[in-house]
1. What number of residues in the range 585-595 are assigned to a helix (DSSP H, G or I) and either small (Gly, Ala, Ser) or touching a residue at least 24 places away in the same chain (Cβ under 8 Å) (or both)?
2. Need pairs with beta-carbon distance below 6 Å; first residue farther than 16 Å from Lys135 by Cβ and within the range 208-225, second surrounded by 19 or more Cβ atoms within 10 Å (Cβ to Cβ) and among the polar types (S, T, N, Q); sequence gap 6+ or separate chains.
3. Within the range 537-589, track down each residue that is within 19 Å of Leu37 (Cβ to Cβ), hydroxyl-bearing (Ser, Thr, Tyr) and crowded, with 21+ Cβ neighbours inside 10 Å.
4. Suppose we filter Tyr534, Tyr618 for residues that are more than 18 Å from Cys643 (Cα to Cα) and among the aromatic types (Phe, Trp, Tyr); which single one remains?
5. Can you tell me which condition Ile687 does not meet? The list is (1) in contact (Cβ under 8 Å) with a residue 60 or more places away in the chain; (2) under 30 Å from Lys600 (Cα atoms); (3) in the same structural domain as Glu723 (by TED's automatic domain parsing), and all the others hold.
6. Looking only at the range 133-151, which residues are over 19 Å from Val34 (Cα atoms), in contact (Cβ under 8 Å) with a residue 60 or more places away in the chain and either in a helix (DSSP H, G or I) or hydrophobic (A, V, I, L, M, F, W, C) (or both)?
7. Of all residues in the range 251-269, which are more than 38 Å from the chain's Cα centre (by Cα) and β-branched (Val, Ile, Thr)?
8. Kindly indicate the residue of the range 207-243 that is assigned to a helix (DSSP H, G or I) and of a type in the set (S, T, N, Q) and also farthest from Phe285 (Cα to Cα) among those meeting that condition.
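The values are calculated or read from the model by the stated rules, or taken from the named source; none is laboratory data. For clarity, every value in this text was computed on a predicted model and none was experimentally measured. Cβ sites come from the backbone with ideal geometry, for glycine too, and all protein chains shown count toward neighbours.
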Amino acid sequence: MSDNQKRGFLKNFSIVKAERLLLCILLFILPLAVVPLSWDWNERPMSLCILLFTTIIAGLEIIKLIKEGKFCVIKTSVDTAVLLLCGSYVLSTIFSQDVNTSLWGIDHRLGGGLITVMSVVALTVFSRSFITDVKHVKELFFSFMAGMFINNILSILAFLGVNIWSSVPVYKNMFQEGLPILRSARIYILTNLITLLLSFGFIGEYLIFKGKKSVFMASLIIALVSIIGILMFSIVQGTGLVVLFLVLFVLMNMFIIKKFKLSEKSFKNILVVFLIITLSISIPFALMHIPSFRESKIPDDFRLVGQVFLGSDLSWSVASSVFVKSLSTALLGLGMDTYSIAYNMFKPVSENLLAYNNVTFYSGGNEIYTQFANGGLVWLLCWVIFGYSIFKSVFLDLRKLKLNSGKINTWYLIVVDSVMVLIFCSSLFTAFSVINLLILFLMVSLRGVLKDILNEGNEEKVVMRLWAGSVSGSPEKGNAKGNFRVLLAVIVAVVVVLISRIWVYKGISTGYMLMAESYRISEGAKLTDQKVSYEDKKSTADSIINHYTNAVKFDKNNPLANRKLGLAYMDKIDIEVKEYLSVEEDKRSQDIVNEVNKLKNYAIDTTKKSTEIAGYVYSNWEAMSNVYMGLVGMGYEGFVSDCVYSIEKAISLNPSNYELYFKEAQMYVIGKDTDSALSSLTKVLGINPQYIPALYLSAELNKEKGREDVYESYLRAAKTILETNDATNNEVYNDISKKLQELESSSVNKKQESGTEKTEKSD
C-alpha cells in the first residue's frame with residue numbers, strides 16, 4: 001500500500017468512525033429527548049435529533065462519495081418492500097388533504113411527517129456503509145440500552161410521584177405524576193420490550209460465548225430495570241404488547257435451545273435466565289390483572305394513570321369513514337400524519353366521546369388503523385408486503401443458517417430478527433412513535449450487515465459511482481480532479497450547515513414555546529387574579545408574548561406557534577380592556593385604545609397565518625373563531641360575520657363538536673338573528689341533549705318569541721338534568737328554579753284571575 005493510499009485509508013476511517021459515533025450518540029439521546037409540552041412531549045424533539053444527525057451523516061456520506069467515487073451499501077431481501085412502503089408515504093403526501101401537515105407532521109410536530117420518516121429510512125440505509133462488524137452492532141445496541149436505562153429510572157420515579165424536574169427551572173412546573181418519560185405508556189412498554197431483547201443478546205453472549213463480564217452485569221441490571229418499568233406501566237394498559245413479547249421470547253429461546261449446540265453449563269445458564277425473565281414478567285403481570293388482587297395490593301390513594309386511547313371500534317369507524325369518502329382517500333388516505341384531521345371529521349357521535357368533545361386523538365388504537373386512515377389501501381398493501389418480507393427473511397435465517405458458524409454473528413442475527421418481528425407485530429397493539437420506526441428500519445439494515453459478515457462479504461450490494469474509477473487518496477496540488485473534489489466537499493459542507501441550521505432553529509423555537517408554557521403554568525394565575533395589579537398582569541402577559549414571538553421568529557411557518565401567539569395577544573387585550581373600563585369614563589386613556597387596536601391586528605394576523613399554513617387543522621380555525629369572539633365580546637361587533645365564518649370552517653372540519661354550534665348561536669344572537677341561533681342550538685342538542693348552556697339559551701330565545709310553553713319545557717329539562725347529575729349547588733340551577741317558580745306563580749295568578757272572571761259572569 002502506497003503512502004497516499006495509507007493516508008486516504010486513515011482519512012476514510014476517520015469519517016466512518018465519526019459516523020458510527022454519531023449514530024451511537026443519537027440512539028443514546030433519543031429516549032431522553034423529551035420536552036414536557038402538553039401537545040408535544042417527545043415526537044418533535046426526537047424528530048429534530050434524527051433530522052440533525054441524518055443531515056450530518058448524509059453530508060459525511062456524500063464527502064466519502066466524492067472522495068472514493070462510489071457509494072456502496074448492502075442490499076437486503078426487505079429493501080423492495082421498504083421502497084414500496086416509502087412510495088406509499090410519498091403518494092399519500094402528494095395527494096394529501098393538507099400537504100403541509102403531511103410534510104411536517106400535524107402542527108409541525110415532525111414525528112409522523114414525510115420529511116422525518118424518509119430521514120429515518122435514509123439514516124438506516126446509510127448505516128450499512130459504516131456498520132461493518134458485529135462489534136459495531138453491539139455498540140449501537142448498548143448505546144440505545146444505556147439511554148433507555150436512564151429513561152427507565154426517570155419514568156419509574158415519575159410513576160411513584162417523584163418530581164424528577166424539580167431542580168430544572170423550565171421543566172419543574174410541567175411535571176405530570178404517573179406518566180413515563182416517553183409520555184405514552186404503550187410506546188414506553190414497546191420500547192422497553194425492545195431494550196429487554198437487546199439486553200438478552202448481551203446476556204446470552206456471556207453465557208454461551210463467554211463475553212465480557214462487565215457488559216453482562218450492565219445488561220443484567222438494564223434488563224431488570226426494564227422489567228420493573230414494564231410491570232409498573234402495564235398495570236392499566238399495554239397487556240397485548242406484554243403477551244406478544246412473552247410468546248415471542250418463549251419461541252426464541254426454544255429455537256436457541258433446540259438448534260444451538262450448547263455445553264451443559266451454557267444450557268443450564270441460558271435456561272435459568274430465560275425462566276427468570278419469563279417468570280418475573282408473567283407472574284406479576286398475571287396477578288396485577290386480577291382485579292381482586294390488584295385492589296388488595298395497591299393502596300387506594302395510589303394514583304394509576306390510565307391514558308385514554310381509541311378502541312378498535314372507534315378507530316375502525318374513523319378509518320373506514322376515510323375509506324368510503326372518495327376513491328382517492330380509499331387508495332391513498334387523507335395524507336401522512338393526518339389522523340387527527342380524519343378523527344375530527346369522522347368521529348361518531350356517541351356517549352363515550354361526548355366527555356372528550358374538544359379532545360383530538362392524533363392516532364388510532366394501533367398503527368394499522370392510524371396509517372390506514374393516513375395512507376389508505378396502498379399503504380396497507382405495502383405494509384403487508386413489508387411484513388411478509390420480514391417473516392420470510394426470518395424463516396430463511398432460521399432454516400438456512402448454520403448456527404455454529406459465525407457464532408456471535410449468528411447469535412446477534414437472531415436477536416435482530418426477534419426485534420424486527422416484535423416491532424412489526426406490535427403494530428396490531430399500539431400506534432408507533434418515531435423511535436419505534438427508527439429501530440425497526442435499523443434492524444432491517446443491521447440484518448443485512450450481519451448476513452454479509454456471515455457470508456464473508458458476498459451479500460449483494462448496491463453501488464452508485466460518481467467517477468469512472470476509484471479516486472481515493474489525497475488530491476495532489478494542481479490536480480484538476482483533486483481540486484474539483486475539494487470544491488464539491490466544501491459545497492456539501494456548506495449545504496449540511498445550512499440544512500442543520502433549519503433543525504437547530506426549530507429546536508430553539510421549541511425551547512421558547514417550552515418557556516412560554518412553563519411561565520404560563522407558574523405565573524398564569526396572575527392574569528385573572530383580581531388582587532394582582534394591572535401592571536403585573538401586563539408584565540406577565542408580555543413575558544408569554546415575548547417567548548411565543550421568539551418561537552415564531554425561529555420557526556415562522558409553525559401553525560401551532562402562530563396560533564398560541566395569537567391567543568396570547570388576546571390575553572393581553574383582555575387585560576388592557578379591563579384596565580380601561582376600571583376607571584371613570586372621563587379619565588380613560590387613549591393610549592390604551594391605541595394599544596388595543598395594535599394588539600387586535602397582531603392577534604388576527606398571527607392566528608390567521610396558522611389557518612393559511614394548515615387549513616385543514618381544526619384547531620387553527622377554532623383559535624381564529626376564539627380571537628374574533630373575544631373581540632366581539634369587547635365591543636368590536638364588526639367581527640361577528642368573520643367569527644361566524646371561522647366557526648363554520650371549524651364545523652366543516654369537526655362537525656360533531658357541539659360547542660362550535662353553541663358559539664355560532666351566540667354570534668347569531670349578537671347579530672340579532674334569532675332564527676339562525678335557534679337552528680344552531682337545535683344542532684347542539686341533537687349531538688348532546690344534556691348540554692345545559694344550550695338548553696338555557698334556547699329557553700330564553702323562545703321566550704323572546706313568545707313561546708312560553710317551549711320556554712318552560714327547556715327550563716324543566718335543564719333542571720331535571722342538573723338534579724340527575726347532582727349539580728344543584730350553582731347559580732344556573734338557582735336561576736332556573738327561580739324562573740320556573742315565577743312561571744308557576746304566573747300560572748296560578750292567571751288561573752285565579754280566570755276563576756274570578758267566571759264568578760263575575762255567573763253572578
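1. Residues meeting the conditions: 0.
2. Ile222/Ser199; Ala223/Ser199; Val225/Asn152
3. Scanning the range 537-589 gives a single hit, Tyr548.
4. Just one listed residue meets the conditions, Tyr534.
5. (2)
6. Residues satisfying the conditions are Val134, His136, Val137, Lys138, Glu139, Leu140, Phe141, Phe142.
7. Within the range 251-269, Ile257 is the sole residue that qualifies.
8. Ser214
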